[in-house]
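To start, the structure under review is shown below, and the notes come after it.
The values are calculated or read from the model by the stated rules, or taken from the named source; none is laboratory data. The structure presented is a predicted model; accordingly, all values stated were derived computationally and were not measured. Positions of Cβ are generated from backbone atoms using ideal geometry, with glycine treated the same way; all protein chains shown enter the neighbour counts. Heavy atoms of the whole protein, side chains included, go into the accessibility calculation; ligands, DNA and RNA do not. Shrake-Rupley method; radii C 1.70, N 1.55, O 1.52, S 1.80 Å.
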Amino acid sequence: MSTRVLTDFDLVLPGSLSEALDILAQNGSAVTVVAGGTDILVAMKAGFKADMVMSLTALPDLDYLDYDASSGLRIGANASIAQVVDSADVERHYPALWQAAKIFATPQLRNTATVVGNLLRGSPAGDCCAAVAALGGSLTMASAGSTRELDIDDLWVAYGTTARADNELAVELKIPAPAAGRVSAFKRLTRVNEDLAKLNVAVSLQMDGSTCSDVRLAMGCVAPTMIRLPSAEAVLEGSELNSETLEKAAAAVQEDISPIDDQRSTAEYRRGVAGVYLKRAVEQACSIA
Amino acid sequence: MQRARRWQWQRIEGIQMSEFKTIGKNEQRVDIRSKVLGTAVYAADVNLPDMLHGKVVRCYEHAHARVVSLDLSAAAAVPGVVKVLGPKDVTSKAFNKSVIDLMASESTAQMLGDIEEQHIFTDHVKFYGDGIAGIIATSEEAAEQAAALVAVEYEPLPVYLTPEASAAPDAVQFTDQKPGNLAFSLPDGMFPGGQLGWGEVDQAFEGADLVIEDTFYTPKQKQCQMEPNSYVALYDDEGRLNCWMSSQMPKLVHEKLARLFEMPMSQVKVTQTVVGGGFGARLGMVMEPEVCAMALAVPGRPVKLQQPREEDWLTSPSRHPSRYWMKLGFKKDGTPAACDARSTNFKGGYYLDGSALASTTGFWLQGMYRFDTLRYKGDSYFTNQPVCGAFRGYGNPQTNFVLEQMIDRGCAELNIDPLEWRKKWHKQVGDMSWLNATPYTSCALDECLDQGAEAIGWAEKRAKYASQTGTKRRGIGVSVGNHTSGAFPMILEQTTCTVRLNEDASATVLVACSEIGQGSHTTLRQIAAETLGLPLDDVRLDAGDSDANGFDIGAHASRTLYVGGTAVMKACEDAREQLFARAAKLLQTSIDELDIDENKQIFVKDSPDRFVSAAKICRDGSFNFANPQTGELEGEPGQIQAYVSYKPDNNSPPFFSTFVEVEVDTETGEVDVLELVSSHDIGRAIHPAICEGQMEGGAQQGLGMALMEEIYFDDNGHVTNNSFTDYKMLGASDMPKMTNILVENPDPYGPFGAKSVGEAGLVTPVGATANAIFQATGIQFTQGPITPEKILQAIKEKGLSYT
Ligand SMILES: Cc1cc2nc3c(=O)[nH]c(=O)nc-3n(C[C@H](O)[C@H](O)[C@H](O)COP(=O)(O)OP(=O)(O)OC[C@H]3O[C@@H](n4cnc5c(N)ncnc54)[C@H](O)[C@@H]3O)c2cc1C
């Protein structure tokens, strides 16, 4: 039930990164970081209470999206989903991310929501989460006095929970530059077009002729967090991509997933379509390549 | 858009004009600018000085429980709280939030078994979200904080989520007025044998070559009107109870409030604000009793009550879920020998319009086809679910989902084209309509079907999709229906209208008909302008004020244009006649010889140079100055006013059909609706764009009912999807390519030949979609809505085949 009560909180608008990190250092778990706010404001309307809200809007220079052929893609913490959609580089080199951004929510949401916020929300349904999990990459986590690179594979630890420490700010997402022959794709199933996924999937593979390697498959809404699909990856890794191996990979998905029933779909259905969607995503990746 | 104008305008009594000035034109809507600009004043926009905020304390712990103790002291102590109200602090009078009981005579209502068993705040919680107490505070926040501090002890009761569960012999009784929790079944006194229909059904089955039978479920769908319910009430210093609200039926709510609070209607004033959609969700009262009870507790101070969407979801009525059994018997040649059906409805926690739905569901069934014999029984049982009431179509979409699928199943077995079967067996002019009491007055269904079939390419596609391979399978389906224009002769029909000509011969039309977004104020104005012969800008409709407006039932049963429009037309005819009579005197001719031009000059048709200004006649009527030389009065005295209280003597049902083409992804169960073609036997389209708007909006809700919309419950009866995050309807980008065909075949009774279109658009997309999926997969889905989850499971269990 949503609430009309907005409890008192301190709103802080750091003007520099160091100021932001100091605020985090001093207040730790009392701080709620807000980027686009499209998750947080919804949560507050449903009763989530924050003591201190730190908005990133006044932080300079974090709304970049840069691509470099050798170092890859860098997405600042304030970069919006719309910026991803507008980037010809992303469309060309990271189809999975571009496709995820393209169908993401509505134009208003895409203008407001951030890619980094999507990752940090840690929802098993996050569309950019699936894409980034498949493409591989890392988040630069900054805290007062230090920074570390957090591999995307280590980000989500439980439902809605990430490996971010209370004093850390995610400042940048890095995705490596794709080698020649790298293909990727994203697909999702929803009840209506503008909806959260009832299942989403992203794939990224290194193709050498029809042989694939460095296979990364990610699926959402089939476990408490966004997950990789190790069994299916193992089937495809180093093998010839054909209808037979694809069928095998699709079948192997069953070992990787543990879906539940919720308002959007059922566990049984998710099991029923997981393999189909994995197959289609791989086909989509290869057809674009 | 395609529009058919195959029929010539037939002359309708009273109006003698060769060409219409505004009827049939897509005039600008009277409310469009303020709605688009955001300046329209909805109930939530009403803010009065010194206004307080009300909050209903609701039970979210249980769907069925008794309140053992209620302690409001902590709530009362919250700063800003002005008053806390328990059940004993407000009227103990029982009431019924629906207004349907008002529409039948007392003896009829008694025979139907209508009851009043609701209270402002209850000590017997009957659904998740039932209201148990009230808070009045200086802010919404304070009221909510106080509500959270109300200490309640509950005695949980068993939760009944199906008719079978609540009908069990040892079940807790919802009300002692309805033994066995049977809220309603067709009463013997009105429907002999407690059934509708005709002929010897059992015998007819024996002689049938094919008998098919199945049990269906149609879902609990929410209207999802854009504006959540909101109210302001004020018990003013003069002892008058005022309520600003957005009911579809302000005049009946007016009477209901007067009855509940035992005040003369003259001491109760109801103001209908701009209404942001109805679809039945505000057919009667929703939260009017609560907000007025609060206002009465704080005399002199206005109280606002607005609920978040999630609460509105639970407290305003939804469509009745229904378990619907049907058995059909056919002869080899397709002759429909017998139809036997029963619908059992999930009533929710309270009775409301309990007598109506189970009846009308059967009316739509008996009104559709020429079955040799037919028997229908209908009943409703209380369940621990949010209340059910009216929803666009009122049982018709339920019947459409079931009957139209069963017809297609029969046709498939008998190898008959479902389109041809429908053309052959649907009822026609002269056959008895839905109540089996009055005959159909006009019917252009064959034309609808022919044009629809052509537009979508029925014959080719139907043949092409009869055999397919691959994972994507297409299907095309058809469904037909008819509805009503007003509730005559089942229940009350009456609309009053007063037309007043102003001093400049512009007109004010006072009528209580509800503009709920359907466009009726625009079309009523067109009727008024056309009849009066005045430019559109010279006509203004005044509605929504219970002091100024006379009686009208409100917007339901697709009645507003048909009944309200005729009332407006008749009042305007009278006003025009009064005006022309004065002109005739001045021009020394007869009324029949006169006409009026766009400059409001009344002229003699045969010699247009003889004319008089309508404005002068009207001004003289009011001012009536004396000539200073002769002392003679100028013009005829008296402002021209006309009044009618109109009761229709027909209901001119519109017929309609929908064709739907789908593509089913057999690996995921997803349905892509490729195209939808609806054709309506509209009588006359007063405003074609508004008619199409109704058809498109109806299709959106019909597709939603067929494919995805349903309120879910957990085992404890808690609603789990009462928000737009969790309950999905089709958005603009989900809608298929859509063609609307208006077949104009003027009805002899409707105003300018018009029949209704308000509810109709929702009905046939439901059955047509199900039938398209049937052709695509060879599987019929008896449990609505037909979600990908159900389709995939059925394909796994049954495999694919073709119809
Ligand atoms: C109507 C609607 C539709 C939506 N549709 C979709 C959809 O189609 N697909 C989808 O995946 N999601 C969807 N969402 C969810 C949401 O929009 C996304 O998760 C979005 O990417 C969140 O980004 P944000 O910038 O708005 O995050 P915020 O709400 O600002 O933050 C989200 C979370 O991340 C944390 N956070 C944000 N930035 C940082 C940072 N730099 N460092 C540390 N922590 C940080 C916040 O504390 C919070 O916990 C939808 C939401 C709404 C309201």
Checklist entry - Across the range B:721-734, which residue is farthest from B:Arg684 (Cα to Cα) among those that are more than 7 Å from chain A (Cβ to nearest Cβ) and open to solvent by 50 Å² or more (accessible area, probe 1.4 Å)? => result B:Thr725
Item to check | Selected residue [touching a strand residue (DSSP E or B) at 6+ places or on another chain (Cβ under 7 Å) and β-branched (Val, Ile, Thr)] from A:Val235, A:Val192, A:Val215 | outcome: A:Val215
Item to check | Verdict on B:Glu447 being more than 18 Å from B:Asp408 (Cα to Cα), touching a Lys or Arg at 6+ places or on another chain (Cβ under 7 Å) and not polar (S, T, N, Q) | outcome: yes
Checklist outcome for this item: Filtering strands (runs of 3 or more DSSP E) wholly in the range B:181-245 for at least 2 residues that are open to solvent by less than 50 Å² (accessible area, probe 1.4 Å), among the β-branched types (Val, Ile, Thr) and touching a residue at least 24 places away in the same chain (Cβ under 8 Å) gives B:210-218
Checklist entry - Taking interchain pairs and intrachain pairs at least six residues apart, which have beta carbon atoms under 8 angstrom, with the first residue in the range B:704-719 and more than 12 Å from chain A (Cβ to nearest Cβ) and the second in a strand (DSSP E or B)? => result B:Met705/B:Thr218
Item to check | Enumeration of residues in the range A:258-277 that are under 11 Å from A:Lys198 (Cα atoms) and facing chain B (nearest Cβ under 8 Å) | outcome: A:Gln263, A:Arg264, A:Ser265, A:Thr266, A:Tyr269, A:Val273
Checklist entry - List pairs: first in the range A:174-202 and away from chain B (no Cβ under 12 Å), second open to solvent by 50 Å² or more (accessible area, probe 1.4 Å) and within 12 Å of the ligand (Cβ to nearest atom), Cβ under 9 Å, 6+ apart or cross-chain? => result A:Phe186/A:Lys102; A:Phe186/A:Ile103
Item to check | Hey, A:Val235 within 22 Å of the chain's Cα centre (by Cα) and away from chain B (no Cβ under 14 Å) or not | outcome: no
Checklist entry - Counting only residues that are among the β-branched types (Val, Ile, Thr) and within 30 Å of A:Leu6 (Cα to Cα), how many does the range B:140-198 have? => result 2
Item to check | Candidates A:Val42, A:Val33, A:Val90, A:Val84, filtered to the one that is away from the ligand (no atom under 12 Å from the Cβ) and either within 27 Å of A:Gly220 (Cα to Cα) or within 14 Å of chain B (Cβ to nearest Cβ) (or both) | outcome: A:Val90
Checklist entry - Taking the stated definitions as given, is B:Pro169 of a type outside the set (A, V, I, L, M, F, W, C), buried (at least 20 other Cβ atoms within 10 Å of the Cβ) and either over 26 Å from B:Leu283 (Cα atoms) or in contact (Cβ under 8 Å) with a residue 40 or more places away in the chain (or both)? => result no
Checklist entry - If you scan the range A:133-144, which residues turn out to be crowded, with 22+ Cβ neighbours inside 10 Å and away from the ligand (no atom under 11 Å from the Cβ)? => result A:Ala133, A:Ala134, A:Leu135, A:Gly137
Checklist entry - When you scan the range A:145-185, how many residues do you find that are of a type outside the set (A, V, I, L, M) and within 11 Å of the ligand (Cβ to nearest atom)? => result 8
Next on the checklist: Restricting to the range A:106-122, and then to whatever is open to solvent by less than 30 Å² (accessible area, probe 1.4 Å) and near the ligand (Cβ under 6 Å from one of its atoms), can you tell me which residue is farthest from A:Lys174 (Cα to Cα)?
Outcome noted: A:Ala113
Checklist outcome for this item: Counting only strands (runs of 3 or more DSSP E) wholly inside the range B:263-347, the ones holding at least 2 residues that are closer than 20 Å to B:Pro219 by Cα and touching a residue at least 12 places away in the same chain (Cβ under 8 Å) are B:322-330
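The rows are residues; the columns are (1) under 17 Å from the mean Cα position of the chain (by Cα); (2) at pLDDT 95 or above; (3) open to solvent by less than 20 Å² (accessible area, probe 1.4 Å); (4) under 29 Å from B:Arg559 (Cα atoms).
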| position | (1), (2), (3), (4) |
| --- | --- |
| B:Val253 | yes, yes, yes, yes |
| B:Lys256 | no, yes, yes, yes |
| B:Leu260 | no, yes, yes, yes |
| B:Met263 | no, yes, no, no |
| B:Val303 | no, yes, yes, no |
Next on the checklist: Of the conditions (1) crowded, with 24+ Cβ neighbours inside 10 Å; (2) under 18 Å from B:Ile212 (Cα atoms); (3) of a type in the set (S, T, N, Q), B:Thr373 satisfies every one except a single condition; which number is it?
Outcome noted: (1)
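One line per residue, one yes/no per condition, for (1) in contact with an Asp or Glu (Cβ under 9 Å, 6 or more places away or on another chain); (2) open to solvent by 10 Å² or more (accessible area, probe 1.4 Å):
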{"site": "B:Gly452", "(1), (2)": "no, no"}
{"site": "B:Gln468", "(1), (2)": "no, yes"}
{"site": "B:Lys472", "(1), (2)": "yes, yes"}
{"site": "B:Val480", "(1), (2)": "yes, no"}
{"site": "B:Gly486", "(1), (2)": "yes, no"}
{"site": "B:Met490", "(1), (2)": "no, yes"}
{"site": "B:Asn502", "(1), (2)": "yes, yes"}
Item to check | Test set (1) in contact with a Gly (Cβ under 8 Å, 6 or more places away or on another chain); (2) surrounded by fewer than 13 Cβ atoms within 10 Å (Cβ to Cβ) - A:Asp8 fails condition number | outcome: (1)
Checklist entry - Across the range B:513-545, what is the total count of residues that are modelled with pLDDT under 95 and farther than 16 Å from B:Asn502 by Cβ? => result 3
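Okay, residues lined up against (1) among the charged types (D, E, K, R); (2) under 18 Å from the mean Cα position of the chain (by Cα); (3) open to solvent by 40 Å² or more (accessible area, probe 1.4 Å):
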site: A:Ala50; (1), (2), (3): no, no, no
site: A:Val53; (1), (2), (3): no, no, no
site: A:Gly76; (1), (2), (3): no, yes, no
site: A:Ala82; (1), (2), (3): no, yes, no
site: A:Ser87; (1), (2), (3): no, yes, no
site: A:His93; (1), (2), (3): no, yes, yes
Checklist entry - Does at least one position in the range B:170-179 carry a residue that is outside the structural domain of B:Met249 (by TED's automatic domain parsing), in a helix (DSSP H, G or I) and modelled with pLDDT of 95 or more? => result yes
Next on the checklist: Yes or no: the range A:191-202 includes at least one residue that is over 30 Å from B:His718 (Cα atoms) and either buried (at least 16 other Cβ atoms within 10 Å of the Cβ) or within 16 Å of the ligand (Cβ to nearest atom) (or both).
Outcome noted: yes
Checklist entry - Is it true that A:Asp127 is of a type outside the set (Val, Ile, Thr), within 8 Å of the ligand (Cβ to nearest atom) and over 30 Å from A:Ala25 (Cβ atoms)? => result yes
Checklist entry - Just one of the numbered conditions (1) farther than 20 Å from B:Val763 by Cα; (2) open to solvent by 10 Å² or more (accessible area, probe 1.4 Å) is not true of B:Asn384; which one? => result (2)
Checklist outcome for this item: Filtering the range B:541-561 down to residues that are more than 14 Å from the chain's Cα centre (by Cα) and hydroxyl-bearing (Ser, Thr, Tyr) yields B:Ser546
